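See below for the structure under consideration.
Bear in mind that the values in this text are calculations on the coordinates, not laboratory data. None of the values given here were measured: they were computed from a predicted structure. We place every Cβ from the backbone using ideal geometry, glycine too, and count neighbours over all the protein chains shown.
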There are 2 protein chains.
Amino acid sequence: MARPAPLSGFPEWLPGDRIVEQQVLDRLRRTFESWGFASIQTRAVEPLEEMLRKGEIDKEVYVLRRLHAAPDEDDAGRGLGLHFDLTVPFARYVLENSGKLTFPFKRYQIQPVWRGERPQEGRYREFWQADVDVVGVGELPFHHDVEVAQVMAEALGGLPLPPITLQLNNRKLIQGFYTGLGAPDVPAVMRAIDKIDKLRPDAVRELLVTDAALTPAQADLCLRLAAIQAQDAGFAEQVAALGVSDPLLDQGLHELVQVIDGVVALRAPGFSAVADLRIARGLDYYTGTVYETRMAGYEHLGSICSGGRYDSLASDGATTYPGVGISFGVTRTLGPLFSRGALRASRSVPTCVLVALVNEDQRPAAGLVAAALRRRGICAEVAPAADKFGKQIRYADRRGIPFVWFPGSGEGQDEVKDIRSGDQVAADPSSWLPASEDLVPQVLGES
Amino acid sequence: MARPAPLSGFPEWLPGDRIVEQQVLDRLRRTFESWGFASIQTRAVEPLEEMLRKGEIDKEVYVLRRLHAAPDEDDAGRGLGLHFDLTVPFARYVLENSGKLTFPFKRYQIQPVWRGERPQEGRYREFWQADVDVVGVGELPFHHDVEVAQVMAEALGGLPLPPITLQLNNRKLIQGFYTGLGAPDVPAVMRAIDKIDKLRPDAVRELLVTDAALTPAQADLCLRLAAIQAQDAGFAEQVAALGVSDPLLDQGLHELVQVIDGVVALRAPGFSAVADLRIARGLDYYTGTVYETRMAGYEHLGSICSGGRYDSLASDGATTYPGVGISFGVTRTLGPLFSRGALRASRSVPTCVLVALVNEDQRPAAGLVAAALRRRGICAEVAPAADKFGKQIRYADRRGIPFVWFPGSGEGQDEVKDIRSGDQVAADPSSWLPASEDLVPQVLGES
């Protein structure tokens, strides 16, 4: 077999980057769990017919068949595809297990998803997402909209990423505003405003007048609303100054103030929140709070963490399950950071200590030293060969292993060398401890 | 959407079982890393042509296509399938990245694999495996055969599973034995002996004579070799007593003694090792040590953890990469234990403390209590609604949350109730600690 070439859109990491990814995932998991979110994992496949209900994405699904499937085989009939997000599988899981779950059900889910999109930076065919959602039966209190924003802010805020901004809006606010100013076709207004990042303001104003049948004055108000941004609840006054009133608008304003206040109160490091009344999220199942997220210096990636409130996450006809959730694009975010060398691990292996070997006969004794270190939480391995010590030290150095241990012979005491400084000291495997920053690989950012 | 039905062969766990699975995976990861094994993950897909080199499995591969792929699309041409194990992807990863890896390369990999097999107990279409392998360039010292057995013994030995037995053999030992006794067709002998679990001894003896062209006396010696089992190095004397000698046999005996001694020396709880000279492993790429594993009471599942030494894990023509590895069937093992209720979590959520609410206005204050607990590593959530306390306690009880926290009003002090005992005591969120067994969900076995 010749050297295989990478497959475009299916990224894989070298061991050092994988250590970074694992530590990011650990942080997400630890934070989600600390807020009481339970982990679930769903199978990789879903029936095609369920996935294709969301028409806009149908081009991108990977369909499965068994290589030697019989024509009448069940699977072929059911038509299975790889899931393209974690929301459709979660909705199906909730319906399938509704009798066995307790509601409101708070879950997180960290898994790969697959989309047959054309690969480009930050857009892959296989990529990991980390989703948190809360789902209720029949109704779900608004305060969970604040909670999912807070938990994600706390999770992402602690990571060595470039500064992150959570952009918040509320569909009730904008829909109420359009209704309040007398728009005859509210969905048409939203479709036009959704183009605000792609078209010049004049072109959007034109669309508002021609497609959404607004007067020029109404169109202008819509553009002024979309231009409002604020890092605190002050946006509410700016909206009030536009002179439009509507009960749904008031409710949306009230909700948005609570979400932004809740996130600001957390003071998560490197994480800020902004009310950005331009954000609409194209997906039409959002009905209240909407979330998007930008990473400084990586704005071209688009939103790296998105979601919102949906009044009907799932429904079995008799019962409706409303939900609110937010999804962080793990691979979308880490991939470009890895490519640019903006995130790396301090070493490419978990090993903290390499136990050196004088000769092969000493391997069992060296193994006992390694075992004693491991029992105390220190990752340790024995040198693969009883080479000259210089070669054993180079083995450690190439992997970034900070310490080499020299078992004492006869009455001699063990010694441990910090191969970065060259310092070598007497040590006992039952009591020696490395500095805490050397115990496990550290994730290093650009700064 | 009506309530969806589960998909046979694609198991999913409820949150409680998922907690058990996570803790098992955590234990595996922690152990693998403590021995210096680095994590990698490979993409879910591999080119079909690579996977189909292993002809025996080609019926079971899931093939992918994009739903709306153009007839001339690249992907269609490359023919992608879901990987059916983690060994083929690992071999490809090693070749693809050989210039960027350091050898010997010790890696672990915990991922799902897919096979279109007919589902039955312990046999799934999507299931997780946990693999450890060591791979070298050109050559790989034998002591890694001992190491991978030890690391897996330590990982599995600490889990609350039924007693586990690692069955060990060595292909050099059996091949050398057959050669030494004068077998004209050694592979034919191995094929016959491999049927020893399916056929009666007389039928195997018959095969040895007819298919492998052995004399009845030679056939008898082969059966006597296959009957040897020992929990220590004593098997070597039993083999010697059969009076066959061969250099390869001697080497195999020497290796097998070292592996079994190495595992026995670990004294991993609930884990034993046995030399079982019947074990051959059908896969013809094994060239030395072979591993299989049985779990007491679940012998019908077959081997739950298997592997061995292969002289050529991968090759790019110029360079050969020998390896030794072992693969634990996570889903194969846990699925049947879950079905029988033999393993469960002490609660279905990570939450240790539910902070009660007097009224909705107190939610921010209750949130501060929860945040103070979280900062100290205690998973805490605020009650979803300011219902009567009895209802809030039932919310906790249904999820197995052991503690409910009552924030003090005005000058009153906070109190925390253990809802199992009913004990309620004054407490401060900046200092209170639960018993360690209540801090995180515990995994409970049958015993």
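Using the Karplus relation 6.51 cos²θ - 1.76 cosθ + 1.60 with θ = phi - 60°, the per-residue 3J(HN,Hα) values for region B:325-336 come to x, 8, 10, 9, x, 4, 5, 3, 8, 6, x, x Hz, with x marking Gly and Pro. Any chance you could give the angle, 0 to 90 degrees and rounded to 10, that helix B:171-180 forms with the longest Cα principal axis of chain B? The helix B:171-180 is inclined about 20 degrees to chain B. In order along region B:192-202, the phi-based Karplus estimate (6.51 cos²θ - 1.76 cosθ + 1.60, θ = phi - 60°) of 3J(HN,Hα) comes to 5, 5, 5, 8, 5, 7, 9, 10, 6, x, 4 Hz; Gly and Pro are listed as x.
For GluC sites (Glu not before Pro), no site in region A:173-262 is both called loop by DSSP and has at most 13 other Cβ atoms within 10 Å. For chain B, the longest principal axis of the Cα atoms and the long axis of helix B:363-375 meet at an angle of about 40 degrees. Extending 7 Å from the Cα toward the beta-carbon at both B:LEU25 and A:ARG267 defines two label points whose distance is 3.5 nm. Applying D = kT/(6 pi eta Rh) to chain B, where Rh is the Kirkwood radius over alpha-carbon pairs, T corresponds to 25 °C and eta to 0.890 mPa s, the Stokes-Einstein value obtained is 97 µm²/s.
Using the Cβ-Cβ distance between A:SER409 and B:GLN424 with R0 = 45 Å, the FRET efficiency computed as 1/(1 + (r/R0)^6) comes to roughly 0.15. Under 5 Å from the amide H of A:ASN170 lie the amide H atoms of A:VAL290, each residue being 5 or more positions distant or on a separate chain, with H modelled from the backbone and absent for Pro and chain starts. Per residue of A:4-13, other chain Cβ atoms within 10 Å of the residue Cβ number 5 on average. Neighbour counts of C-beta atoms inside 10 Å place B:LEU199, B:LEU373 in the sequence B:LEU199, B:LEU373, starting with the fewest.
What separates the A:GLY317 label point from its copies, with the point 7 Å along Cα to Cβ, is 6.2 nm, written shortest first.
Please tell me which of these pairs span more than 27 angstrom C-alpha to C-alpha: A:LYS172/A:LYS195; A:LYS106/A:LYS198; B:LYS106/B:LYS198; A:LYS388/A:LYS417; A:LYS388/B:LYS172? In this structure, A:LYS106/A:LYS198; B:LYS106/B:LYS198; A:LYS388/B:LYS172 lie more than 27 Å apart at Cα. The A:SER346 and B:SER436 beta-carbon pair, evaluated with R₀ = 25 Å, returns a calculated FRET efficiency of approximately 0.25. For peptide B:156-164, the mean count of partner chain Cβ atoms within 10 Å of a residue's Cβ comes to 0.
Checking every one of the GluC sites (Glu not before Pro) in region B:70-179 against DSSP loop status and a limit of 16 other Cβ atoms within 10 Å picks out B:GLU73, B:GLU117, B:GLU121, B:GLU139.
Take A:GLN238, push a point 7 Å out from Cα through the beta-carbon direction, and compare it with the same point in every other copy: 8.2 nm, smallest first.
Mean projected area of the Cα convex hull of region A:353-430, taken over all directions, amounts to 4.7 nm². Taking the C-alpha atoms only, the angle from helix A:389-399 to the longest principal axis of chain A is near 0 degrees. Here is the list for region B:330-435: trypsin sites (Lys or Arg not before Pro) lying in DSSP coil, each with at most 16 other C-beta atoms within 10 angstrom of its C-beta, are B:ARG340, B:ARG376, B:LYS388, B:ARG420. Of the residues A:TRP35, A:PRO429, A:ALA386, the one whose Cα sits farthest toward the positive end of the charge dipole of chain A, with +1 on the Cβ of Lys and Arg and -1 on the Cβ of Asp and Glu, is A:ALA386. Between this copy and the others, label points of A:SER346 are 3.3 nm apart in ascending order, each placed 7 angstrom from Cα in the Cβ direction. Values of log10 I(q)/I(0) for the protein assembly as shown across q = 0.05, 0.10 Å⁻¹ run -0.33, -1.22, by the Debye formula with one identical scatterer at each alpha carbon and no solvent. Dividing the summed -39500 (n - 2.57) terms of all DSSP H runs of n ≥ 4 by the residue count of the protein assembly as shown sets its mean residue ellipticity at 222 nm at -10500 deg cm²/dmol.
When all alpha carbon pairs of region B:288-447 are counted in 10 Å bins from zero, the resulting P(r) reads 9, 28, 19, 14, 14, 11, 5, 1 %. Chain B residue nearest the rotation axis toward A, with distance: B:LEU64, 3 (Cβ to axis, whole Å).
Applying 1/(1 + (r/R0)^6) with r as the Cβ-Cβ distance of B:GLU121 and B:LYS198 and R0 = 25 angstrom yields a FRET efficiency of 0.85. What shape does region B:182-316 take by its C-alpha gyration tensor, where a ≥ b ≥ c are the square roots of the eigenvalues and a/c under 1.5 counts as rounded, a/b above b/c as prolate, and the rest as oblate? Judged from the Cα gyration tensor, region B:182-316 comes out rounded (a/c under 1.5). Each residue of region A:352-357 was assigned a 3J(HN,Hα) from its phi angle through the Karplus expression (A = 6.51, B = -1.76, C = 1.60, θ = phi - 60°), giving 9, 10, 9, 8, 7, 10 Hz with x at Gly and Pro.
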